[in-house]
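The values are calculated or read from the model by the stated rules, or taken from the named source; none is laboratory data. This structure is a prediction, so every number in the text was calculated from the model and none was measured. Counting neighbours? That spans all protein chains shown, and the Cβs are built from the backbone with ideal geometry, glycine included.
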Amino acid sequence: MMDEDILEKYLKAGKIAAEVCSKLRAMLKPGVKLMDVAEFAENEMRKLGGEPAFPINISINDVAAHYTPQFNDEKVIGSRDLVKIDVGVHVDGYIGDTAFTWCAEENKLIGASEKVLDAAIAVIRPGVTVSEIGSAIEAKAKELGVGVIVNLTGHTLDRFVFHGAPSIPNVKNDNKYAFNEDDVIAIEPFVLESNGTVKDSTPVEIYRYVMGRPVRLAEARKILELAAGKYNELPFAKRWLAKEGMSPLKVQMALNQLEQLGAIETYPTLKESRGRPIVQAEHTIIVRDKPIVTTRMAE
Ligand code: MN
Ligand code: MN
């Protein structure tokens, strides 16, 4: 059994993530700056007693994931944009990871992604296999006449570990790994008109600590210290480093050097390979006979 205080932290992180999402839904409209959405969300997480587990992802149209506002980002939400908001909150390292898609116009894919996610949650119980979850997602997507991104997956969560193994494909697969009671997993189907893939693209705005390395550049030392310390070896945004009093140019030089040394890794923006619009839905779930969806807003 999961310790009661750990369960409480997972529930608190999930609740904060859900609350932030619900406030963001009220805030989103054409003309709103992505930077204002990001700053509001990350401040709100802290105000509610959590910390960002990763920089908020605000990914638009054919961008699937890993876009977060850049230094002085002036982009605004457009009237036809499909906006995917992916929020991660941690409380003492215990993470709630959730995403939704918003559009000013009616969009059939959004409802479909939520139904696909619900179909996956419906098969979760102790003993459920990675393969059964993938099959449930694929079957529901087929039934609804939509496709999924076949090279993006759900994942397990652990303390200060997001995207743990095994990963959970959104399609049929042969992985017979069975989840145990109290495992914590995130299910996140990315839905589009028919099956597709994503590929690495630009810009690169999100990074993560890998290992300590000797570096000369003062900025590189400072970034490594932040990455291992304040950011808890969880993903961080280039944008966050500006608040630490470093110039964007020096930050970029330092990040490049750290990447070359293998001290940090990058999360490049992911785009649909054929430029097609994508939607995403995600929840964090504690595996039980009656699964606990930690990131679902209480009715
Ligand atoms: Mn997520
Ligand atoms: Mn996730």
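What to note about this one:
- Residue check: Glu219 meets all listed conditions (1) more than 16 Å from ligand 1 (Cβ to nearest atom); (2) crowded, with 20+ Cβ neighbours inside 10 Å; (3) under 24 Å from Lys290 (Cα atoms) but one, namely (3).
- Qualifying residue in segment 100-111 (condition: within 16 Å of ligand 2 (Cβ to nearest atom) and touching a Phe, Trp or Tyr at 6+ places or on another chain (Cβ under 8 Å)): no
- Candidates Ala53, Ala64, Ala38: the one that is surrounded by 19 or more Cβ atoms within 10 Å (Cβ to Cβ), assigned by TED's automatic domain parsing to the domain that holds Thr156 and closer than 22 Å to Val146 by Cβ is Ala64.
- One residue alone among Ala254, Ala263 is under 15 Å from Tyr207 (Cα atoms), small (Gly, Ala, Ser), free of Cβ contacts under 8 Å to residues at least 40 places away in the same chain and crowded, with 21+ Cβ neighbours inside 10 Å, and that residue is Ala254.
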